[in-house]
Amino acid sequence: MSGVSSMSTGSVTTSSNRSAIRISASLVPVCVQVGVSLGVNPSYLQRWVDSVDLEALEAGLIDANQVSDLVKWITDCTDRTDVAFLVGEVFDFDFFPAVTTYLRSLDCLRNLRCDIGFIQRLFSPQFCIEVKEVGEWIEVRLGVLDAAVNDQLDPLIVRFAVSGVMTFCQKLLASLLQEDGFIEGFYFRESEPDSVDDYRNYLKSPLHFGADFDGFIVPRSLLDLPLRGALPMLNAKARARLVEVSNTLIEADTLAEKLLEAFHQHHRLLSLPLPATAAHFNVSERTLQRRLQAESVTFFELQEQAKRLVATELLKKGTSTDDVAEQLGFADRRSFCRAFKRWFDKSPSAFRAEITS
């Protein structure tokens with residue numbers, strides 16, 4: 001590994017910008033472990049370790065930029081293109097042992113499907129795992145909840161994240177089912193990369209690039225297949241702890257983050273005034289305003305930010321302009337079009353034409 005020998009005076013460069021995405025702190029020891037296994041001198045990781053927010057570690061989440069900086073640095077310095085796959089193979093929820101206990105004691109994958117939101121939140125509150133039943137197949141789609149954030153992400157980091165998560169999911173399914181080969185195929189939105197051999201070496205199912213989603217497909221019959229490690233009472237206890245920790249993470253979010261998530265999930269809130277939204281959160285109007293003021297943001301700014309995001313998501317899905325206007329709480333199509341023009345300096349029809357061209 002020629003890259004390793006050139007690192008005698010090198011050190012990882014950390015990003016000065018705070019990421020909009022937080023991910024599991026369990027990736028910290030995993031990335032260090034992978035770096036050392038590839039021949040990186042542990043002392044060269046010291047600058048990166050010094051930059052880690054210890055409070056974030058204790059909360060179980062860390063700024064995604066810190067991990068991506070390290071992964072890119074190890075990749076550059078070792079001339080290895082498979083670092084993300086190695087991280088996926090080694091990763092486990094070390095900071096959340098209840099997750100591992102829950103997974104190992106499951107009686108069937110259908111229960112995991114029902115609880116996937118809790119697992120997702122512990123990996124990253126901004127990350128999304130969508131499970132869809134399509135005929136005889138189950139589609140597992142990976143992504144970021146906020147489309148605006150996703151558009152700002154470095155494509156290389158997206159590639160690292162997707163390939164690492166898919167490798168981890170392959171390992172998890174093989175462990176639970178005690179057999180390989182259940183994944184029908186892996187799908188990637190990106191075009192076929194130069195490092196496609198890494199994908200073939202680590203992912204043991206057919207690869208499909210240029211797809212309309214990142215994720216994989218498994219037979220629907222797997223959902224109710226009995227798992228040999230089933231321990232229902234232990235699983236119930238682990239699940240209760242998992243829910244408790246997950247809810248703690250939600251409480252750790254700012255009120256602004258909670259409002260944006262609520263607006264995104266419940267479109268009816270986009271048309272409600274401040275008093276009605278305060279009632280939805282079981283707080284007084286004055287309390288809501290005061291807490292948002294402490295976070296240097298107003299209710300109307302957040303509501304408009306959410307409307308912008310939801311508008312683009314609905315238009316991308318092919319929702320009619322009239323229906324988008326109604327879901328966002330506008331009086332009519334014309335009012336919505338004026339607002340959209342103000343937001344993006346283009347009409348909804350022009351936006352739709354751009355994304356379909």
Practice problem: Using a cut-off of 13 Å between beta-carbons, work out the net charge of the residues near residue 220 (Lys and Arg +1, Asp and Glu -1, residue 220 not included). | Solution: -2
Quiz item: What share of Cα pairs, in percent, lie more than 34 angstrom apart in the chain?
Solution: 35 percent
Self-check item: Amide H contacts under 5 Å for residue 61, placed H, 5+ residues apart
Solution: 25
Quiz prompt | Cα-projected label distance for residue 50 with residue 113, points at 7 Å along beta-carbon direction, nm | solution = 5.0 nm
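With Cβ to Cβ distances under 10 Å as the rule, what net charge do the other residues near residue 102 carry (K, R +1; D, E -1)? Display every interim value, and only then the final one.
On the way: positive: 104, 237, 239, 241; negative: 115.
Within the 10 Å Cβ shell, the charges total +3.
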Exercise. Compute the long axis of helix 299-316 from its Cα atoms, compare it with the longest principal axis of the Cα atoms of the chain, and write down the angle in degrees, 0 to 90, nearest 10.
Key: 70 degrees
Self-check item: residue 230 paired with residue 338, simple spin-label distance in nm, labels 7 Å along Cα-to-beta-carbon
Solution: 6.1 nm
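What is the sum of charges, Lys and Arg at +1 and Asp and Glu at -1, for the other residues whose Cβ falls under 12 Å from the Cβ of residue 112? Walk me through the numbers on the way to the answer.
On the way: positive: 104, 110, 113, 239; negative: 107, 115, 224.
Here the count lands on +1.
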Practice problem: Extending each Cα 7 Å along its Cβ direction at residue 221 and residue 207, get the distance between those two points in nm, one decimal. | Solution: 2.9 nm
Quiz item: Once you sort the root eigenvalues of the Cα gyration tensor of segment 150-200 as a ≥ b ≥ c, which label holds: rounded (a/c under 1.5), prolate (a/b larger than b/c) or oblate (the other case)?
Solution: prolate
Quiz item: For segment 122-138, what does the Karplus curve 6.51 cos²θ - 1.76 cosθ + 1.60, with θ = phi - 60°, yield as ³J(HN,Hα) per residue in whole Hz, taken in order and with x for Gly and Pro?
Solution: 6, 6, 6, x, 9, 8, 10, 10, 9, 10, 10, 8, 10, x, 8, 10, 10
Quiz item: If you take every DSSP beta bridge whose two residues both sit in the chain, what share of them, in percent to the nearest 5, is antiparallel?
Solution: 85 percent
Quiz item: How high is the FRET efficiency from residue 200 to residue 271, r the C-beta distance, R0 56 Å, rounded to 0.05?
Solution: 0.65
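A short reminder: the numbers here are calculations on the coordinates, not readings from a lab. Quick caveat: nothing in here was measured; it's all calculated off a predicted structure. No Cβ is skipped: glycine too gets one built from the backbone with ideal geometry, and neighbour counts run over all protein chains shown.
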